[in-house]
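Below: one structure, written as structure tokens.
None of the figures in this text is laboratory data; all of them are computed from the coordinates on show. Just so we're clear, the structure is a prediction, and the values are computed from it rather than from any experiment. Reconstructed Cβ throughout: ideal geometry from the backbone, glycine too, with neighbour counts over all protein chains shown.
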């Protein structure tokens, strides 16, 4: 079991970094931190491979934290219907 710290991005909604609590953000590359923005601490939690998380494969996350020092959870893809919400909107005037 590892104690994992979870940080959210100040720049991108629903983007999270998972790191070992003892290591903090020391192993996260500088280039990633530039894109990630300020890391806002969300919580610490004990983690084992059999623990279920909503949008994260826990075994993969623990493997990445052990090998790379961090795991990056990307935001979920946007729903197609939201992307085309104003597809037929007129450019001028009111229809």
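Taking a quarter of the surface of the convex hull around the Cα atoms of the stretch 2-83, what do you get in nm²?
Taking the Cα atoms of the stretch 2-83, their convex hull projects to 5.9 nm² on average.
Mind checking the full-extension length gain between residue 21 and residue 1? Use 0.36 nm per residue of separation minus the Cα-Cα distance, one decimal, nm.
6.0 nm
Report the FRET efficiency, 1/(1 + (r/R0)^6), for residue 60 and residue 13, where r is their Cβ-Cβ distance and R0 is 25 Å, rounded to 0.05.
Efficiency, from the Cβ-Cβ distance: 0.70.
Subtracting the Cα-Cα distance from 0.36 nm times the residue separation, let me have the gained length for residue 43 to residue 30 in nm, one decimal.
Length gained, residue 43 through residue 30: 2.5 nm.
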